[in-house]
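*Asks:* This structure is in structure tokens; I'll ask about it shortly.
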């Protein structure tokens, strides 16, 4: 997931909000598989912002200019690359 987009297995990009919404938006249906039924996964992740269930599991939805830090489990200022 990058910039609010979800990358389907077939290479298509869709809006991240369409992933795990009960409607197959990727032509291969990859936006509705995997861990889409893991509703409690966000409770475990404890994001400091919104959390989204994705086929790969729960993901913290960080605001633009921030990124998720695996060590602190929080969104923070992006490092300049």
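*Asks:* Suppose we filter the range 30-44 for residues that are at pLDDT 80 or above, exposed (fewer than 14 other Cβ atoms within 10 Å of the Cβ) and either under 12 Å from the mean Cα position of the chain (by Cα) or under 23 Å from residue 9 (Cα atoms) (or both); how many remain?
*Replies:* 1
*Asks:* Within the range 1-50, which residues are touching a residue at least 12 places away in the same chain (Cβ under 8 Å) and not in a loop (DSSP other than H, G, I, E, B)?
*Replies:* Matches in the range 1-50: 6, 14, 16, 17, 18, 30, 31, 32, 41, 42, 44, 45.
*Asks:* Conditions: (1) farther than 15 Å from residue 4 by Cβ; (2) loosely packed, with under 15 Cβ neighbours inside 10 Å; (3) free of Cβ contacts under 8 Å to residues at least 24 places away in the same chain. Residue 63 meets all but one. Number of the miss?
*Replies:* For residue 63, the exception is condition (1).
The values are calculated or read from the model by the stated rules, or taken from the named source; none is laboratory data. All figures in this text were calculated on a predicted structure; none of them were measured in a lab. Neighbour counts are summed over all protein chains in view; Cβ atoms, including those assigned to glycine, are modelled from backbone coordinates with ideal geometry.
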